Each structure stands twice: as C-alpha cells, then as structure tokens.
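Before any comments, here is the structure.
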Amino acid sequence: MKIAFLTPEYPHPKTGSSGGIGTSIKNLAMGLLAEGCSVRVLVYAQKEEGIFYDHGICIQQIRNVKFKGLSWYLTRKKLEEIINTLYDDKEIDLVEAPDWTGITSFISPKKCPVVIRLNGSDTYFCHLDQRPVKWVNRFHEKRALKHADGLLSVSQFTADTTNEVFHLNKKFSIIPNGIDMEVFNKNNIKCNDNNTFSNINKNTILYFGSLIRKKGLLELPFIFNAVVAKKPEAKLILVGKDVPDIISGHSSTWQMMQGLFSPAALLNVTYLGAVPYDEIKNQISSATVCVFPTFAEALPVSWIEAMAMQKPIVASNIGWAPEVIDEGVSGFLVHPKNHLEYATKIVQLLDDAVLQKEFGLAAGKKVNEKFSMEKVAQQSVVFYRNVCKGLLK
C-alpha cells in the first residue's frame, strides 16, 4: 500500500520541532516500510516547499497559504488539491491525519480515503485538564471526526472520552502507539572504558518528557520531597523541554517546580533540559526507576520506551494507564495527587532489586507482545486495507 500522513510535525532538522505526534508517525512509517508499504509524510506549516527522503520515507514540506481571515480555509484547500493530485497520480492510496485541531475539516478529497488517528485532540486535553477549549478547535476537530472514512485510537480510554466530549457515537478501532524495539533495547547502551555498563546509578529516579503541568510536574516535587524524607540518598533526574504554564501564565514550569521542593530534596535534583532523542535511551538505562505522574495522555510513548528497556515504573493510574501497565505486575499505578503513596511505591522499588527485575521483565514482555513497531504496523495495514475496501463505513 501507499500511505500518506498529514501532520504539522515530523522529527527531522529540516521540518522544525516535533512532539509525540511526529515521533509516533515516524515509528509507524518505519514499520510500514518494513511491511512493504511506501510512505509519504505531508508536513504543513513549513517555512518552505520541498521534498526530501528520511530513511526511505518521502517527506513533503508544504507552506500554509497566507491570506488574512482565510488562511485556515485556503491552506486546507491547498492540502486537498495536493492529496487529490497524489491520489490521481497513484502516489498514495490513503491519507492519515491526527485529531489535533482537526486539520481534515474542510478537506474532502475526491476519491482518496481519509483516516483520523486519535492521539488526543485539543478538546480532549482541555477536558482532562479541566480548562476551556477554543471553540474553533472544537468545531474543526468534531467536523473532521464526523467526515472521516476511518477512525483509529491509540487507546480505548481516548476513544471513549472523545465520543463523550464531542457527543458522538463513533466506532474506533484501537491500535496503540508502537516503538522500535531495536532502539529501546536494554542491551543497546553505551559502555564505559572498562567495558562495563555505565547504567548502574543506584537510587536514581528519572522523569523524561515535557516539563508541563498536565504531566504532573507540579506534583512531582511533593512526591520527591516524601521520597527524600524516607531515603535521603535518592536522586531525581529531569529530562525534557521546559514549557510555560498555561494556567498561571508563568514562563517556566521548571522555575515553578524549584519553589516546591524541600531544601534537602532540591539538592538531589538535576535538570538536564532537552536532550537529543538518541540520548533518551541512555538516560533511561541510567535510572533505577522511571516516574510518570501525568494527568493527561492518550497513550504515552515515553512509558513504552521505559518498559522496553525493562525499567520498573511508577505512573499515574488515570484512564489510559491500565491499557499500558498491569498494576503490580509491570509497574505501580498511583494517582499523582496521592503524594505519600506515590513516594512509598518509589521507595519500595528503590529498596527491592528483585522487584525491580520482576517488573522490568514483565514490562519488556508486554511491549514486545503489544507495542512493537512491527505489530502496530501490521495492524495498521489491515485497517487501511479495510478502509480502502469500504468495509468500515
């Protein structure tokens, strides 16, 4: 099959910054290539027009149309024309887009099927964050969902919540995000000069991801304060981009966090900032425990990456979480606001090397069975073929 992805982001220096959507698309694209598909990624909102290749994936950069008051509409019509041309020229069989801001609203290709994959719309995340959503985003997101030829979701929770917030009754096929198991392999890490693994940093707790309120970063200081009170030698490593706080208006979540740590805990915190994607696996390898006290996700790739490297995890118990982690088997699930219980679970793992190994092995097994790039790509191809045959309408 010939698959196109329509997206505002893709992880490559030429296309600018990218978040979870871009990473998920690249992982899936690589898996589809391995299944014999061709993949074209249509990246809009670019500074220039162009085409280049990234490991066999055709990347087409597209500039938005600038026209006061009509840019949103004219850009969609430009994208529609590009999709129609590619379909007519037999360059693509189907186009997939994310639900974020509803880009496919008012994009109606003549023949090319349009699939939407839920990774969390703006309306969805505003609902989880309990804050107002921009009406224009809600309008386009709902309209895009109503007119799609096929609907996917990375988790059942995201599908159910999306139907709830938009007052829809749509059927979503559930196909989770996947990762490259070769990249996130606990044996695929750097060694030191003595040819021994440099990943044994005892009592080290790692969080990686954006420093942002919705991912529980304003709860993490209180959790770590309780950890240090029980285990003064514990260390916390933070890796990720510092994000402004949308509720308070503060320019730095990291600065907000610093005032919430106890003096003793703050001495044991290291913030590394954003690091290259290839470096993430080394940071995971160096940790004893990974923590994700988030309030809002669809299906977090970061959790899966840590699980693939057989790391024990203490994560949020909200919504999507049981679809990723089996409580007490491949990790602990605790509500982020239950600081003392969260800290207790972290300390329990830090003190129990046997439990660390048990959780890690179970986590690695689950990722291999459910979240590998190969399995996700195979499931996606079956779905795409059914859409093209009209079997899902």
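Summary of packing: across the peptides 154-160, 307-313, the per-residue average of other C-beta atoms within 10 Å ranks them, highest first, as 307-313, 154-160.
Multiplying the residue separation of Asn368 and Glu81 by 0.36 nm and subtracting their alpha-carbon distance yields 99.3 nm. Multiplying the residue separation of His335 and Val382 by 0.36 nm and removing their Cα-Cα distance gives an extension gain of 13.3 nm.
For the stretch 204-371, averaging the sequence separation of C-alpha pairs within contact (under 8 Å, six or more residues apart) and dividing by the residue count gives a relative contact order of 25 percent.
Which peptide among 79-85, 372-378 comes first, and what is the full order, when sorted by highest mean count of other Cβ atoms within 10 Å? Present the calculation step by step, with values, prior to reporting the outcome.
On the way: 79-85: 17.9, 372-378: 19.4.
Averaged packing, sorted descending, gives the order 372-378, 79-85.
Taking the alpha-carbon centroid of each part, what is the distance from the stretch 318-351 to the stretch 66-80 in angstrom? Value for the Cα centre distance between the two parts: 46 Å. Only helices enter this figure: runs of n ≥ 4 DSSP H residues, each worth -39500 (n - 2.57), summed and divided by the residues of the chain, yield -11000 deg cm²/dmol at 222 nm to the nearest 500.
Listed cross-link partners Lys142/Lys311; Lys230/Lys370; Lys230/Lys365; Lys170/Lys357; Lys171/Lys366 are compared with a 30 Å cut-off, the Cα-Cα value being larger for Lys142/Lys311; Lys230/Lys370; Lys230/Lys365; Lys170/Lys357. Computed from the C-beta positions of Leu260 and Glu327, the FRET efficiency with R₀ = 22 Å rounds to 0.20. Between the stretch 260-308 and the stretch 1-56, what is the separation of their alpha carbon centroids in Å? After rounding, the separation between the Cα centres reads 26 Å.
For q values of 0.18, 0.20 Å⁻¹, compute log₁₀ I(q)/I(0) with the Debye formula on a Cα-only model of the stretch 204-371, without solvent. One equal scatterer on each Cα of the stretch 204-371 leads to -1.13, -1.42.
In terms of its alpha-carbon gyration tensor, the stretch 1-116 comes out oblate; a/c meets the 1.5 threshold, while b/c is at least as large as a/b.
If R₀ is 45 angstrom, what is the calculated FRET efficiency for the pair Lys389 and Asn282, using the beta carbon separation as r and rounding to 0.05? Mind dumping the intermediate values first?
Working: r = 44 Å, r/R0 = 0.99.
E(calc), rounded to 0.05, equals 0.50.
Per-residue Cβ neighbour counts within 10 Å put Val95, Val354 in the sequence Val354, Val95, beginning with the fewest.
Remark: spin-label model distance Asn137-Asp88 equals 3.5 nm, labels positioned 7 Å along the Cα→Cβ axis. When a/c is below 1.5 the answer is rounded, else prolate if a/b is larger than b/c, else oblate, so apply that to the chain with a ≥ b ≥ c taken from the square roots of the Cα gyration tensor eigenvalues. Prolate is the answer for the chain, as a/c is 1.5 or above and a/b outweighs b/c.
Every number in this text was worked out from the coordinates using simple rules, so none of it is lab data. Since this is a predicted model, take the numbers as computed values, not measurements. Backbone-built Cβ (ideal geometry, glycine too); neighbour counts: all protein chains shown.
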